[in-house]
Structures are given as structure tokens and as C-alpha cells.
Amino acid sequence: MRVEWPTVLLLGACYGLWGLGTTVVAGWSLVAGIALVAVAVALYSSLQHEVIHGHPFASQRLNEALVFPALNLVIPYIRFRDTHLAHHRDANLTDPYDDPESNFLTSAQWRGLPGSVRAVLRFNNTLAGRLLVGPVVAQVMFTRSDWQQGGAQVRHGWLLHGAGVALVLGWLWTVGQMPLWAYGVAAYISLSIVKIRTFLEHQAHEKARGRTVIIEDRGLLALLFLNNNFHAVHHMHPGVPWYRLPALYARGRARFLRCNEGYVYRSYAEIFRQYFWRAKDEVAHPLWHRD
């Protein structure tokens, strides 16, 4: 049976850091415990993404059992899996109707919003806004979409999520030294960290191939995101494990940049400089004319 050991070992390390953060480290310093748990849960989100794409084992049931605990408390893995695989239909990327991970609205939806909601969504399109209010905005939209969609698969995903949350709460109640409110803070920070990765993964572009970014960062954030900053490479080769993406990109850099129409940034530092207080896009999709 295929075993991708770097992912297996990293998953073990992630659980270990999470366990230390919620117990020994939290007992020593609650601030340090929150910080460690936030990093561990952000890494866990990246590992869940790896599992969605068939890693680290050939058995997907085994893969999904490894990420069953709901460490971030709010995002059901099954729903994340189903919506993310739908998102990988590249022709639909950024489409307000057909891409479940799109941050765009149609112009009609935008015109129908109250002014206060527009202000929040405009702020959410800056990196500062994505860090501060992005987790709330995304969760409201995600939950609202699932509520409207309904169906057995959605209910199944949320019920399993409840069981995963119960595991986390049971650990905190019986073993942990971290109060629930502090764990909630750590979970929120972890979601904010993930928003750095998703902030400009996709742009509105007439060509589907020009909608997906490459960020040539090899620092701590790239490790935390498991090299998903090479996002166009991942979309073109979704079955390649995280630890092989940099070499794959290096071998074909010119080809990948031609394919994604040169949508590239050198580092996350460059993104922070450009977009911390400035919106990267309008909220209404600039190329959408169905309405």
C-alpha cells in the first residue's frame, strides 16, 4: 500500500503540537498555548486539504479517519471536501454561481445588499479585513449556502462534524489545561492564518487558466500552507503531494507562468505590502454579466 511518509510524520507532529499547546504549554502560559494551538490548527487545515486529494494513503477511508477531529470547530470536513472538489472544476473558478469558494458576488446581488453589509465586504477584500473579519464572513456565507442547499449529504456532513467537535471538547474537558474561550480564540486565529493563503488564490480573468496564482514563497507560511502557494501547479496536478510541488514548479517555471498568464507574486511579504489596506478586487465580479 502506498504510504507518503512526509505527510504521515507531519500529521503526527501536528497532533503532538496541538496536544502540547492545549495541555503543558497552556498550563505554563495561556498566550503561548493559544499561539501554538493556532499554528497547529492552521497546519491541520492544510493537512485536511492534502487528504481531500488522496494523501497520504491509497485508502481514502483511512485518510479521512486521520483528520476526523474537528480541530477548527466550525468547518465540517465532509462539506469542505465536497465544495473543494467542486471548486477544482477550473472552468468555473471565481464564478459567483458555480464556484463554491468564490469571494465574488454578481452585480445584482451586490446592488441588493444593505450599505453596512457592503462596507464589511469591501473591508473583507483587503488583507487586513480578511484577517480580522474574514473567518466570520466566510462562515456565515458557507453555513447559509449549506442551509439553502440542504439534503442528506449536507446533513451527514454536519452530523459527523458534531462528533468531531465532541472529540475536541472531550479532550479539553478531561485532559486540556486551556479554557474553552481560549481555544475559541486559537481556532479563530488559525482561520485567519489560512485566509492569508486563500486571499488571492484566484482572480477574475477571461481565461480560466489565468485565474490561479503562483506565490514563489519558500518561508514559514509556505510550509504552514504545505506549498499550496504554488496554487496553479496544484490545480494542474492535484494528485501531486505537497512536498513535491516546489521541485515540479522549478522544473517547469516558464511553462507554468505562461499557463497562468503570469499571475505571480514573489512572496507573502509582497502581498502584505500591496494589499494589507487596499482591496485586491471589487466584490461584484467584474466579468460576470449573466444578470
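General observations
- When the chain is treated as a GNM with alpha-carbon contacts under 10 Å, the residue of Thr198, Thr83, Thr174 showing the greatest mean-square fluctuation is Thr174.
- The spacing between the range 108-172 and the range 17-64, judged by their C-alpha centroids, is 21 Å.
- Exposure rank, largest accessible area first [Cys14, Cys259; 1.4 Å]: Cys259, Cys14
- Across the alpha-carbon atoms of the chain, the computed radius of gyration and Dmax are 19.0, 57 angstrom.
- From its DSSP helices (H runs of at least four residues, each -39,500 (n - 2.57)), the chain gives a residue-normalised ellipticity at 222 nm of -18500 deg cm²/dmol.
- Calculated SAXS-style log₁₀ I(q)/I(0) at q = 0.20, 0.22, 0.25 Å⁻¹ - the range 30-110, Debye, Cα scatterers: -0.94, -1.02, -1.14
- Gain on full extension, evaluated as 0.36 nm per residue between Ala247 and Leu220 minus their Cα-Cα distance, stands at 8.0 nm.
- Under-5 Å amide H pairs with Val264, H placed in peptide plane, nonlocal only: Ile214
- Note on the chain: with a GNM built from Cα contacts shorter than 10 Å, the maximum mean-square fluctuation among Leu224, Leu17, Leu113 falls on Leu113.
- Fully extending the segment from Val140 to Thr198 would add 19.2 nm, taking 0.36 nm per residue of separation and subtracting the current Cα-Cα distance.
- Ratio of Rg to Rh for the range 99-150: 0.96 [Cα atoms; Kirkwood radius as inverse mean 1/r over pairs].
- Projecting label points 7 angstrom from Cα along Cα→Cβ for Leu167 and Ser29 puts them 3.0 nm apart.
- Longest to shortest principal axis, alpha-carbon extents of the range 41-160, angstrom: 48, 28, 28
- Per residue, the range 139-218 exposes an accessible area of 55 Å² to a 1.4 Å probe, with every protein chain left in place.
- The simple spin-label model puts a point 7 Å past each Cα toward its Cβ; for Arg278 and Gln148 those points are separated by 3.3 nm.
- Scaled against the 2.2 N^0.38 Å expected of a compact globular protein of N residues, the Cα radius of gyration of the range 129-171 reads 1.41.
- The eigenvalues of the Cα gyration tensor, multiplied by 5 and square-rooted, give the range 138-268 an equivalent ellipsoid with semi-axes of 34, 20, 14 Å from largest to smallest.
- Highest-MSF residue in the chain out of Gly21, Gly150, Gly54 [GNM, Cα springs under 10 Å]: Gly150
- Hz values of 3J(HN,Hα) by residue in the range 218-223 - Karplus curve (6.51, -1.76, 1.60), Gly and Pro given as x: 10, x, 5, 5, 4, 5
- Neighbours of Ile78 by Cβ distance under 15 Å: Lys/Arg scored +1, Asp/Glu scored -1, total +1.
- When the convex hull of its Cα atoms is projected in every direction, mean area for the range 23-72 (nm²): 3.7 nm²
- Full-extension gain in nm, Tyr97 to Arg255, via 0.36 nm per residue minus C-alpha separation: 53.8 nm
The values are calculated or read from the model by the stated rules, or taken from the named source; none is laboratory data. In this text the structure is predicted, and so the values were computed from the model without any measurement. For neighbour counting, all protein chains shown are included, and Cβ atoms are generated from backbone atoms with ideal geometry for every residue, glycine included. Protein only, heavy atoms only, side chains kept; ligands, DNA and RNA dropped before computing areas. Shrake-Rupley method; radii C 1.70, N 1.55, O 1.52, S 1.80 Å.
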